[in-house]
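The values are calculated or read from the model by the stated rules, or taken from the named source; none is laboratory data. From a predicted model like this one, the values you see are computed outputs, not experimental measurements. Please note: Cβ atoms are built from the backbone with ideal geometry, for glycine as well, and neighbour counts cover all protein chains shown.
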Amino acid sequence: MVETNRKPNKKWLLFLSLTTLVLVCNFAFYRLEEVPTGMAIASVIDLMIIIPLMAYFFIIRRNHSVKNLSLVIAAGYGAAWLIIPNDHLSSIPFFKYLLIAAEGIFLLVELYIVFHLFKTIPKVWKYTKKLKSQTGDFLPHRLEKAVHQNMNTSLPIKIYLTELSLFYYSLFSWKKRARLAGRSFTLHQQGSTIALYVMLIHALIIESIGLHYFLHQWNPVISWILLILNLYSLLFFLAQIQGFRLNPAKITDDELIIRMGFTTRINIPLTNITSVNQYEGPERLSKDQSKTTFLALAPDFISEKAQLEINLKEPQKAHYLYGYTKSVSQVHIKLDDPASFEKSLKSSLNNIS
């Protein structure tokens with residue numbers, strides 16, 4: 001478990017070290033009294049070919065979509081503009097067309113992907129409607145399951161799904177009601193989770209008005225950027241309120257489903273649960289424990305310890321914002337009615353054993 005977490009970190013460290021070395025060397029060459037002939041072309045090769053190739057082999061190849069290479073090339077193009085002096089750039093008449101050519105190639109790739117995506121959409125939507133009749137779950141959850149079932153979920157698609165959930169919960173879910181029938185257990189009603197988010201929203205609105213007014217007089221562009229970021233944060237807090245309100249923890253016939261707002265979730269097959277006990281550990285976990293623990297604790301003004309600890313046979317994948325995942329071997333949870341939850345979960349475990 002520890003080994004798998006270290007390897008990507010080493011690759012990132014090596015990539016960043018080599019990239020920094022390339023950037024510093026190129027920057028230093030143009031500070032010499034005599035710049036070598038053809039240095040500008042060498043710099044363009046370094047920044048727009050060598051660094052993207054390093055990004056591909058160290059990072060993108062296994063963990064991310066090749067489409068992200070387009071962003072690295074664009075960043076290299078920007079770095080070339082900043083590092084290479086104008087008098088040297090003028091010696092490369094084709095430089096201004098490089099980015100257009102590179103992005104054109106990736107645009108063709110994007111169009112090819114979009115074509116295949118449109119071929120898959122009817123199948124995804126059909127499966128989404130089928131899940132509604134089976135589970136009655138909310139649209140973002142059903143759509144996410146349908147996408148995972150019918151197509152490859154690259155990083156951009158995971159980001160789109162997160163944004164869909166954010167806008168759905170913040171803008172279009174206010175007429176929905178929480179499904180508390182059956183074995184459903186709330187996590188936020190006995191605390192001040194909703195009040196905390198309401199307070200943050202009030203503070204955000206006041207800050208946005210004040211900052212936008214003062215910053216607009218100094219730099220209108222920055223003031224509008226901050227206003228947009230604050231608006232996004234406002235939608236985020238609203239989505240979290242609705243996520244907690246509409247998504248109680250559920251025990252179905254074959255799995256335990258825990259969602260924390262709209263941002264975090266874990267689905268645990270009941271066959272993968274070894275035990276559920278009263279939690280008697282420390283309030284704050286060590287760094288190593290945090291890496292393998294899913295914390296199902298609703299945010300509050302005063303943080304409290306978990307009430308129950310759920311231990312797993314095998315590591316289970318927990319899902320976070322924008323497709324980030326981690327494998328956990330235990331769950332710490334705090335509920336409004338922990339006794340009923342523990343009794344119901346133990347009963348379900350006994351029925352399948």
Filter the range 206-221 down to the residues that are of a type outside the set (Ser, Thr, Tyr) and surrounded by 13 or more Cβ atoms within 10 Å (Cβ to Cβ), then identify the one that is nearest to Phe236 (Cα to Cα). Glu207
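Do we have any residue at all in the range 252-269 that's closer than 27 Å to Ser347 by Cβ, in contact with a Ser or Thr (Cβ under 7 Å, 6 or more places away or on another chain) and not aromatic (Phe, Trp, Tyr)?
No, because not a single residue in the range 252-269 is closer than 27 Å to Ser347 by Cβ, in contact with a Ser or Thr (Cβ under 7 Å, 6 or more places away or on another chain) and not aromatic (Phe, Trp, Tyr).
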Does Met199 fit the bill of being among the aliphatic types (A, V, I, L, M), more than 17 Å from the chain's Cα centre (by Cα) and not assigned by TED's automatic domain parsing to the domain that holds Pro248? no
Does Asn230 satisfy the condition of being closer than 29 Å to Glu144 by Cα and either outside any loop (DSSP other than H, G, I, E, B) or in the same structural domain as Gly323 (by TED's automatic domain parsing) (or both)? yes
Any chance Thr252 is touching an Asp or Glu at 6+ places or on another chain (Cβ under 8 Å) and hydroxyl-bearing (Ser, Thr, Tyr): no
Residue list for the range 256-288, restricted to those being modelled with pLDDT of 90 or more and of a type in the set (S, T, N, Q): Thr263, Thr264, Asn267, Thr271, Asn272, Thr274, Ser275, Asn277, Gln278
What are the residues in the range 299-328 that are closer than 19 Å to Ser286 by Cβ and surrounded by fewer than 19 Cβ atoms within 10 Å (Cβ to Cβ), if any? Ser303, Glu304, Lys305, Glu309, Asn311, Pro315, Lys326, Ser327
Looking across the range 175-208 at residues that are free of Cβ contacts under 8 Å to residues at least 12 places away in the same chain and in a helix (DSSP H, G or I), the single one that is nearest to Gly243 (Cα to Cα) is Met199
Within the set of pairs 6+ apart or on separate chains, which have a first residue in the range 243-257 that is in a helix (DSSP H, G or I), a second that is surrounded by fewer than 19 Cβ atoms within 10 Å (Cβ to Cβ) and among the hydrophobic types (A, V, I, L, M, F, W, C), and C-beta atoms under 6 Å apart? Arg245/Ala178; Leu246/Ala178
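Residue by residue, here is whether (1) in contact with a Gly (Cβ under 8 Å, 6 or more places away or on another chain); (2) surrounded by 16 or more Cβ atoms within 10 Å (Cβ to Cβ); (3) more than 14 Å from Val331 (Cβ to Cβ); (4) outside the structural domain of Val328 (by TED's automatic domain parsing) holds:
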residue	(1), (2), (3), (4)
Thr263	yes, yes, yes, no
Asn267	no, yes, no, no
Ile273	no, yes, no, no
Glu280	no, no, yes, no
Glu283	no, no, yes, no
Please determine whether any residue of the range 55-74 is modelled with pLDDT of 75 or more, surrounded by fewer than 16 Cβ atoms within 10 Å (Cβ to Cβ) and over 19 Å from Leu155 (Cβ atoms). no
If you take the residues of the range 158-174 that are among the hydroxyl-bearing types (Ser, Thr, Tyr) and part of a helix (DSSP H, G or I), which of them is surrounded by the most Cβ atoms within 10 Å (Cβ to Cβ)? Tyr169
Residues being of a type in the set (Val, Ile, Thr) and within 26 Å of the chain's Cα centre (by Cα) - total across the range 269-301: 2
